[in-house]
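Have a look at the structure below before the remarks.
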Amino acid sequence: MKRTLENIENQFETFQILNEEGKIVNEDAMPDLSDEDLKEIMRRMVYTRILDQRSIALNRQGRLGFYAPTAGQEASQLGSQFALEKADFILPGYRDVPQLIWHGLPLYQAFLFSRGHFKGNQMPEGVNAVSPQIIIGAQITQAAGVGLGFKKRGENAVSITYTGDGGASQGDFYEGINFAGAFGAQSIFVVQNNRFAISVPVEKQSAAQTIAQKAVAAGIEGIQVDGMDVLAVYAATKEARQRAVDGEGPTLIETLTYRYGPHTMAGDDPTRYRTEDMDNEWEQKDPIVRFRKFLEEKGLWSEEEENELIEKTKEEIKAAVKEADNTPKQKVTDLMDIMYEELPSNLKEQREEYSEKESK
């Protein structure tokens with residue numbers, strides 16, 4: 001039994017294309033991306049890092065509500081999203097707002113989501129996604145259902161969902177991947193292993209050496225990827241998508257990554273459970289620095305270009321904040337109106353009362 005387990009665990013070696021110095025170490029796995037594609041991936045990662053910095057500042061100013069920092073996870077988030085098609089359906093966790101933005105959610109609506117405004121949860125026409133799930137792991141079973149729907153309709157599309165290593169300890173995680181495997185759902189399950197579920201280290205959540213190996217019990221494909229390597233994440237997701245639409249079933253992708261900031265801005269202090277040495281180790285693996293080195297070596301990126309992008313990003317964020325500020329304030333009557341097609345009699349009376357108060 002012990003040897004069997006060891007044999008299984010040894011199958012899940014970390015998939016990598018770019019090392020920490022931005023050098024290609026797996027030429028055969030290099031994805032077919034144009035120079036413009038490579039530059040676009042870099043633009044999105046830099047944009048998202050600046051957005052994260054600005055969102056943290058806005059949160060501290062009281063201008064945003066709930067916010068989960070994303071710095072360090074750009075390769076995992078954006079590499080996977082870049083491998084998707086417009087028809088694909090994203091079911092995100094609360095740290096996965098960047099994927100929604102690059103899938104088509106306007107930035108000002110992302111800010112409204114953070115503020116708890118109902119318009120921040122309304123996906124525009126053509127944006128195949130649901131708003132970020134706050135309940136840990138609840139989106140995983142939903143993704144299995146969406147993926148099964150695509151299969152039954154014969155559609156060239158997949159569902160993709162994200163959670164952290166803590167989410168892989170939830171019952172919904174096991175139910176979701178088991179259901180998807182049993183019915184061959186066109187789904188991709190991404191577990192972003194950033195080492196800590198708030199403050200609980202991954203080693204205390206499971207005796208398994210990898211999260212990827214949990215795919216074996218569900219009878220589905222599983223792969224562990226260097227989550228700081230955007231090309232490796234892209235390649236793994238692209239292959240998983242192709243397998244799904246080809247009728248070969250779902251895939252579990254574990255991305256080894258790290259969040260540089262706190263779990264959320266709601267009082268978490270990572271210095272209480274993470275060491276300075278650990279932070280320094282993972283800073284050397286920064287996905288943006290790694291990819292920048294790769295692009296500079298190819299003559300595709302420059303400091304000047306990045307600085308111009310940073311300034312443009314700041315202006316776009318400023319405009320989006322202004323648009324969010326100018327959105328009419330949420331009212332109690334709004335919540336009643338969007339919750340029911342026809343109000344129950346008891347709420348009709350309450351709505352009249354609130355309508356009178358709001359008109360003053």
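The values are calculated or read from the model by the stated rules, or taken from the named source; none is laboratory data. Note that this is a predicted model, so its numbers are computed, not measured. Cβ coordinates were reconstructed from backbone atoms using ideal geometry, including for glycine residues, and neighbour counts include every protein chain displayed.
Quick look at the values:
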read-out: Selection within the range 1-47 - among the small types (Gly, Ala, Ser) and in a loop (DSSP other than H, G, I, E, B); value: Gly22, Ser34
read-out: Residue satisfying condition, being buried (at least 24 other Cβ atoms within 10 Å of the Cβ), in contact (Cβ under 8 Å) with a residue 40 or more places away in the chain and touching a Ser or Thr at 6+ places or on another chain (Cβ under 8 Å), within set Gly176, Gly164, Gly147; value: Gly147
read-out: The range 62-95, subset of a type in the set (Gly, Ala, Ser) and either in a strand (DSSP E or B) or in contact with a Pro (Cβ under 6 Å, 6 or more places away or on another chain) (or both), residue surrounded by the fewest Cβ atoms within 10 Å (Cβ to Cβ); value: Gly93
read-out: Candidate set: the range 199-237, residues that are farther than 22 Å from Lys285 by Cβ and of a type in the set (D, E, K, R); chosen: the one farthest from the chain's Cα centre (by Cα); value: Lys204
read-out: Selection count, the range 268-310, where residues are in a loop (DSSP other than H, G, I, E, B) and among the acidic types (Asp, Glu); value: 3
read-out: Test: residue in the range 285-292 that is more than 14 Å from Ala75 (Cα to Cα) and under 22 Å from the mean Cα position of the chain (by Cα); value: no
read-out: Residue count for the range 216-247, restricted to those that are part of a loop (DSSP other than H, G, I, E, B), touching a strand residue (DSSP E or B) at 6+ places or on another chain (Cβ under 7 Å) and in contact (Cβ under 8 Å) with a residue 60 or more places away in the chain; value: 2
read-out: Evaluation of Gly247 against (1) buried (at least 18 other Cβ atoms within 10 Å of the Cβ); (2) within 20 Å of Asp88 (Cα to Cα) (one fails), failing number; value: (1)
read-out: Subset of the range 107-135 [over 15 Å from the mean Cα position of the chain (by Cα), under 24 Å from Ala87 (Cβ atoms) and of a type in the set (Gly, Ala, Ser)]; value: Gly120, Gly126
read-out: Single match in Asn7, Asn19 (criterion: more than 23 Å from the chain's Cα centre (by Cα) and either assigned by TED's automatic domain parsing to the domain that holds Ile253 or surrounded by 13 or more Cβ atoms within 10 Å (Cβ to Cβ) (or both)); value: Asn7
